[in-house]
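Below is one structure, written out as C-alpha cells; the observations come after it.
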Amino acid sequence: MFTSAALVAALVKSKVYPSIQTNEPVILSKQVLTTVADLVVQEDAASTTGSQATIVDQDILIRLQSAVQSLFAGSEADNKIRITDANHAVDYVAHCLSDIVFIYPGITTDAYLGQALKSWASNTLDTPAIRNGQGELVKVVEMETRTGALTAVQGALAEANSSKTVTVLTSSQALLSMIPNLHALAIARQPVVFHVASHYVDQDLVAHSNVDAVLAARNTGALLLASSTVQEAHDMSLVAHLLSRAVQLPVIHYFDGVSASRDIQKVNLLSYGRIAALAAAQSVEQSKKSYAEAYATAKALLAQFDYKPFDYFGDAAAETVLVTLGASSSTIATAVSRASKFLSTRVGLVSVRLYRPWSEADLIAILPKSATRLVVLEEGDGLFAFNGPLFLDIAAAIRFSGLSVKPRLVTAQASSFHHLNASHMPLLIDQASQATFVDLQTAPFIVTLADQTREKEEKKEWQASIWDSSAETALQIVHLLHQDTTSAVQAEIVSDALHVGGPVINTRLTTAKSTAGSQVDYLGIHDTSLIREYDVLALAKPKAVVVLNGPWKHGDDIEAHLTNEFKLKATQLDIKLYTIDSARVAHELGLHASAVHLVWEAVFGLLVQPLDLVKRLTALYRAVVSNEQDKRDLKTVVSEVVEKVTAELTAIELLAPWTILEINDEVLPVAPLNRPVGSDNDDDDKNKKSQIPGEEESTGGVAEISKWHKAAWNLMFKDAFQTTESARPDIHEPTYVVRLTENRRLTANSYDRNVFHLEFDTTDSNLTYSLGDALGVYGHNDYDEVRTFLEWYGLKEDDVILIGGEDGKKEARSLFQLFSQTLDFFGRPSKKFYETLAAFATDPKERDQLLFLVSPEGKEDFKKRVEETVTYEDLLREFGSARPPVEALVQMVAPIKPRHYSIASSQKMHPGQVHLLVVAVDWETAKGKKRFGQCTRYMADMKIGTQVTVSIKSSVMKLPPLDTQPVIMAGLGTGMAPFRAFIQERSVAKAAGKEVGPVVLYFGSRNRRNEYLYGEELEAYLADGVLSHMGLAFSRDQVEKVYIQHKMKEDAKMLSDYLVNKDGHFYLCGPTWPVPDVKDALVYGLEHHTNIDAAKASALIEEWKEKEKYILEVY
C-alpha cells in the first residue's frame, strides 16, 4: 500500500492527540496503537450491513465439458502436439527440470509466467500434484519483488543438499532488482536458469513488450538466450537448462512477455521422459570454462536442436540488413522474408539469439557481403534515445572487423515491432538511406498499411477476427481448425479489461506467421455496440463474411443499430452480412450461459468449414453436464445446436442507400488497448466500492472512501502491510522533489506578459541533469478552486480515499490531495468522459444532451466546447443531475501530466540547482471567460520554499563535442532557456583555461524594454568574451518589423565560415513559425559566400540535420 506520510502524520496528530502542536513529534506509543485499533473495530462494526442476493439456479441447464487436452495428457513416452502460449510452454519445461521454482511476478498482467505451476504443484485428494522429470514433487515459491531480490534463491542453493536444481520465473521489470545478486551467482558459478517474460505495464495499465530491458543484465556473467515463438520458447527453455548445467553458470532465457500471454500456437512438446533423458545425458564440463569459452558450448547445444546463435532471414544479397534481438524478431522476420520474396526488396534480417557471450566473428560471418547498411532495431520511445547496448556491440564488431568496406550504421526505434509488415520495408530502407535515426513510431510506420505481399502468394493465407467479452469461442475454434492436421492456425488475443461497459477482447485467428497488415476473411462481432467504438471493418477483405449478434432479419431492421461508417464500408467491400440472436438460440436449446460459445462455434463452422461439422464439434467436448434425470447424449446436443443455428442464421441484404451515406472524420481504433482482463477472485474485499456503470470489477483501479485511522494503521505497521511512502506513487518514471529558492519576474508588472525566472534547490533530491535536458514539472490545480468544488460537491477535503493500483496495492490520499495534485480536473475532458457521465444523469434530457454531444450529429457543438476549453468541472456544474460518486469520478478524470521546460542553467556553474525560464499562459475564450495554463499558473504563484515534484527528459540540444567548435544559437522569447545554459557551460570552460570557440547568439522578442530576457547577463558575457557576437531582434522597436533571420542575413559571411570551415553547430529554440525563414537565411549565406547554389545549400543543411549539427527544438 502507498500512503502519504504528511497526510497520516497530520491525521494522527489531529485525531489521536488533538492538543499536540504541529512542530512536535508524534510517538507511536501503546496509547496511539490502542486508540487506532479501537477506532478500526468501531468503524468495521458500525459499517457492517446485511446483504441479500437473488440467485438463479441454472444447474438444470446444459453445460459442456471440454475435451481439449492438457499439456500433460497422453503417454509420457511420446511427444505431444498441443495448442498453447509461450508462458505455458516455458512453465512446462521449467517444471520438468526443476526441484525448486521461485516465481517473481513483479508488476504484471493477469497471465504471468509461472502462474500455472502453483496448481501443478498443489496436491489434493481429487487432483494429485504433477511430478517433475525425475518423478519428484516440485516446490513452487511465489515471491514479492524487492530490492536485493534472489536472497531466497541464494539461501536455497546454500543448503546442505546443493544438488537441487533451482529455476527462477520472472518479468523484465523484476529482473532489474536481481542484478546485484545475479553477479554473485555468476561468480559462484551457480547453474540457475532464469526464464524472463519481457514486458512492462504503463501508467494507463497498457501492457508493452520490453525486450531491451533484459540487456541491463548483460554484464552480470549470465548467458543471455532469446526465443520468439511458442515452439522456440519450449526449445530454448530446454537449451537454457542443459546449457546452465554444462557450463555451471546462470542462463537467462528471455522472450516477448506481451505476445507470450496472447499468442496461441501449435507446439511440439517433448515428453517429460524425453526431456529427463536429455538432461541426464548432458555432462557437466570437468574443467570450468571461462565465460567467453562458454560460447562454443552454447553454439554446440543450439545446433543439436537445429538453432544458431545468429539467424539470417531475407535476401542473400541484401544491401540493407536489419539487426534485432531474437525475442523481438518474429514479426519483423516475416515482414523481411515476404518483402524480399514478393516485393524484390533487397533487405535482410539478422536475429541475435545468443547475445551473451557475444561473438563478433559469427556476427560478421552471417552478414551478406553485399551489405552496405546495418539498421539496428532497438526498443525505445522514439525520442532521442540513441546507441543502446546492441547498437554499441554491433558498432564495435564492425569497427574492428576485417571488412574492406564497412557498412553504415543506423538506429531505428519503436516500443515494439509488431505493427510492421512487408509493405513497410521499402519505406524503412528509404529513410535509413537518408538518416542515422529512424523513428518507427511516427508516420508512415504507424499508419495501418495492407500487406501488399498477401495478394502475390499462390497459397492464400486465411484470417478471422472475433470481437467478444471472452476468448473462449475463439480458442475453441482454433482447436476445431487444428483437427485438420495440414493447417497451422494460431491466435492472437488483445484484451481491454478497463473498457467502459465491460471487457473487450479481440482475437485474431490466422494461418499466417503474422497478423500485421493482413486482412480477415471472417469477422464475428458478438457485441454489436462495439461498432460505434472500433473500426471493425478496417482490415476486412472484400466479400468478407461478417456476423453480427442480434435479432434482426432485414437491412431495415438493423439499419438504426449501425453507424454510417460501417454501412458505407460494408457496401464498398461488398461483405456477406449475417445475423443471429445467440442468446435466444441458447435459451431455446436450454444451454447454460457458460456453453453459449457452442452457438458461435456452430456459426463459424457453417460459414467457413461446414463439412462433417457435427462430428468435428462433438470431438471438442467430452460430455454433457446436466442434472436432468435423462442424461443428454453429447452428439445429440451438438446436432440440435447445429440444426437450430442453421435455421436461425440470417443473410442480410445490403441496402442501396448505404452506398451514398455521409460519414464523419473521426478515426476509430482498429483494436482494443492491451489491458488484459484480471482473473476472477471470489474472496475480494467485501467493502462497498463504486465503479463506472457497466464496467466489471477488477483487482486494480477501484477507489473507495476510507477513514484516516486506516491509513495511519497501514503506516504504523509498514512491514506487515507492506506500506511504502511516495510523493506520487501513480507516476511510473523517476521523480524528484526539489525546493523553490527564487521566483523572479523578468518583465514589468505593468506588461501584459509575465515571463519569470525560477531557481530550485536540488541538494537533497539526488537529481542530476545534462546540458539541454528538460525539466518535467507536475503542477497543481488552483487550491481555492479545488476547495470551492469540493464544498459544492458535498465532499470533505480531509477524507481519505484508497485507489487500487498495480499488483493489488492501494494508494491512500486525502480528497484535497487527489483533486489538487493528481487529477487534471480543470483540464479538457475527452468524449469518453461525456459518454460515461451520461450514465449517471438522472435527468433524461441531460443524459440525451451528453450523448448527443459525442454523436456524429453533435460534432459541431462538441467542437465549440473544445474551443471554449470546457473543463471536467464545467460539465459537472452544467449537468447537475449527473453526480457520480467520488469513488467513480476519480476513475473518470485523467491524471495531471508533467509539462516540460528546457533547463536554463548549467550544473557545472550551478551545482545543486536547476533554473527555468517560463512564460505564464492565459487567454480569454470566445465567451469572455478567463482561462489559465495549469502548470504555469501554479509556478507563477509558487512561494519560496515550495516543494515541487519533477522529472527529467533528455533532449537533442547538446553542445558540440569539442570546446573549440563554434556554437550558433537562435532563441525566441523563452526559447532563450537552453542557450543560457550553453553560455554558462562555455563560460566555465573558459574560466578553467580551456580554449573556447566562437559563441554567437541571436535573440528575438517584442521589444528591448520589456522582453530583453537576461539582458544584463548577456551583455556581461559579451564584454567578457564568452559571447563573441550577438544579434538582437526586437520586432516592435521600430516601424519595420525586424526578426532574427534579418540579423542572420547581415552576418551571412561569418555564419557560413563558422558552419562550413570551422565545423560549427547551429541551434534554434522557440515557436515553429520562423523555421523556414531561418533556414532561408542560412541558405542565403551559403549561396553567396561558399559558391554553391540554393539547392545544394538546402541539401547541405539537411545533411547537417542528420549529423546533429543543425538542431531545432520548436513548439
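Segment 343-383 and segment 114-154 have Cα centres separated by 38 Å. Listed here are the pairs Lys553/Lys615; Lys576/Lys859; Lys341/Lys569; Lys541/Lys567; which of them are more than 24 Å apart at the Cα? Going by Cα-Cα distance, Lys553/Lys615; Lys576/Lys859; Lys341/Lys569 fall outside the 24 Å limit.
For segment 1041-1049, putting each phi into the Karplus relation 6.51 cos²θ - 1.76 cosθ + 1.60 with θ = phi - 60° gives couplings of 5, 10, 10, 4, 5, 5, 5, 5, 5 Hz, in residue order, rounded to whole numbers and with x for Gly and Pro.
Step through the table entries Lys288/Lys308; Lys958/Lys1109; Lys543/Lys644; Lys958/Lys1107; Lys1047/Lys1105, compare each Cα-Cα distance with 20 Å, and write down the pairs that go over it. Exceeds cut-off: Lys288/Lys308; Lys543/Lys644; Lys1047/Lys1105. Under 14 Å from a label point set 7 Å out along the Cα-to-Cβ vector of Glu1103, the amide N atoms of segment 1030-1059 belong to 1059. Per-residue extension of 0.36 nm, minus the Cα-Cα distance of Gln154 and Leu403, leaves a gain of 85.1 nm for this segment.
Zone of Glu860 (label point 7 Å along Cα→Cβ, backbone N under 17 Å): which residues in segment 650-671? So the set is 662-666. As a rough guide to protection, the peptides 983-993, 539-549 ranked by mean Cβ packing within 10 Å, highest first, stand as 539-549, 983-993. Simple spin-label estimate for Thr436 and Glu293 gives 4.0 nm between the two label positions (7 Å along the Cα-to-Cβ direction from each Cα). Between His592 and Glu643, the C-beta separation translates, for a Förster distance of 22 Å, into a calculated FRET efficiency of about 0.70.
Relative to the current alpha-carbon distance between Met909 and Thr741, full extension at 0.36 nm per residue lengthens the span by 58.8 nm. Amide H contacts for Gln965 (H built 1.01 Å from N in the peptide plane; partners 5 or more residues away or on another chain; cut-off under 5 Å): Gly997.
Testing the spin-label approximation: label points 7 Å from Cα along Cα→Cβ at Asp633 and Trp923. State their distance in nm. Result for the modelled spin labels: 7.5 nm.
The length gained on full extension between Ala991 and Lys341, counted as 0.36 nm times the residue separation minus their Cα-Cα distance, comes to 227.8 nm.
This model, with +1 at the C-beta of Lys and Arg and -1 at the C-beta of Asp and Glu, gives segment 214-317 a dipole about its Cα centre of some 320 debye. Once backbone amide H atoms are built at 1.01 Å from N, Val438 has Thr411, Ala412, Gln413 as its partners under 5 Å, excluding neighbours fewer than 5 places away on the same chain. Peptides 220-230, 351-361 ranked from most to least packed give 220-230, 351-361, packing being the mean of other C-beta atoms within 10 angstrom over each peptide's residues. Close amide H pairs (under 5 Å, H built 1.01 Å from N) link Ile652 with Leu577, Tyr578, Thr579, residues at least 5 positions away or on another chain. So if we plug the beta-carbon distance of Ser529 and Glu142 into 1/(1 + (r/R0)^6) with R0 = 45 Å, what FRET efficiency do we get, rounded to 0.05? Efficiency, from the Cβ-Cβ distance: 0.70.
Rounded, prolate or oblate for segment 737-806? Axes are the square roots of the Cα gyration tensor eigenvalues, ordered a ≥ b ≥ c, and the cut-off for rounded is a/c under 1.5.
oblate
The calculated FRET efficiency for the pair Leu851 and Ile660, based on their C-beta separation and a Förster distance of 35 Å, comes to about 0.85.
Using +1 at the C-beta of Lys and Arg and -1 at the C-beta of Asp and Glu, which of Thr936, Ala926, Ile903 has the Cα lying farthest in the positive direction of the dipole of segment 903-948? Most positive-ward Cα: Ala926. Using the average count of surrounding beta-carbon atoms within 10 Å as a protection proxy, the listed peptides 645-653, 834-842 rank, highest first, as 834-842, 645-653.
Along Cα→Cβ, 7 Å out, is where each label goes; now give me the distance between the ones at Tyr751 and Lys1041 in nm to one decimal. Result: 1.9 nm between the two label points.
FYI, it's all coordinate maths here, none of it is from the lab. What you see is a predicted model, and the numbers here were worked out from it, not measured in a lab. Neighbour counts run over all protein chains shown; Cβ positions are idealised from the backbone, glycine included.
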